[in-house]
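**Student:** Okay, here's the structure, questions in a sec.
Where a number appears in this text, it was derived from the coordinates with a stated rule and is not lab data. If you're wondering where the values come from, they're calculated on a predicted model, not measured in any experiment. Every residue, glycine as well, gets a Cβ built from its backbone with ideal geometry; the counts of neighbours run over all protein chains shown.
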Amino acid sequence: MIERPQGGDPQFSPDGEWWWNGHEWLPARDAPHGKVGTSIIPAPVASGDQAVLITIGNIACTRTQVITPGGSYPLAGTTWIVSNNTITTSSVSTLGVVLCIIFILACLLGLLFLLMKDTKTQGTVQVSVQGNGLYHAVQIPVSNPLAVGQIEQQVNYVRSLVATLAATHTP
């Protein structure tokens, strides 16, 4: 389930499949490229014939370049950092309390309904890239623990591209 974001600023869902235009969720392919909030950010454009392999927030990568709103930089020698700034809370479900009250009168097994939990995750994951003349960070809102793992895997993929470049350029 995709939750409706607070405020009217356009944003993408954690999985990148949907775009909130301020009134409704639309497929991401219908989103205006590069528009984030009220500022216009150029859409990632790869130079030459290199295709964009992955996009993390507003950072895009080709085999040899990092593309940010500030420009394109070499991918070789970059350092990628992921900071998980999420919190997950767990509480007794309201439904569990209601069912416990109803079934406690019938038998003591109604107490088992108190084991029903509601788990909620909220916060952001910050992805930073540093390199020669480059520093860029992006905060990606998440509402699901799986989205945190997905972002970490995306950064690990980019790290593997950096390692491949380092291995091919080592004498």
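**Student:** Can you put Cys100, Cys107 in order of Cβ neighbours within 10 angstrom, beginning with the fewest?
**Tutor:** Result, fewest neighbours first: Cys107, Cys100.
**Student:** Ok, one more. Any chance you could run the full-extension gain for Arg63 through Gln130? It's 0.36 nm times the residue separation minus the Cα-Cα distance, nm to one decimal.
**Tutor:** Taking 0.36 nm per residue and subtracting the Cα distance, the gain is 22.5 nm.
**Student:** Stokes-Einstein diffusion coefficient for the range 92-171 at 4 °C in a medium of 1.567 mPa s, Rh from the Kirkwood formula over Cα pairs: what value in µm²/s?
**Tutor:** 77 µm²/s
**Student:** Ranked by Cβ crowding within 10 angstrom, fewest neighbours first, how are Val148, Val92, Val66 ordered?
**Tutor:** With the fewest neighbours first, Val148, Val92, Val66 line up as Val92, Val148, Val66.
**Student:** Take Glu152, Glu24 and order them by how many other Cβ atoms sit within 10 Å, fewest up front. Please report the intermediate quantities before stating the final value.
**Tutor:** Details: Glu152 14, Glu24 9.
Final ranking by Cβ density, sparse to dense: Glu24, Glu152.
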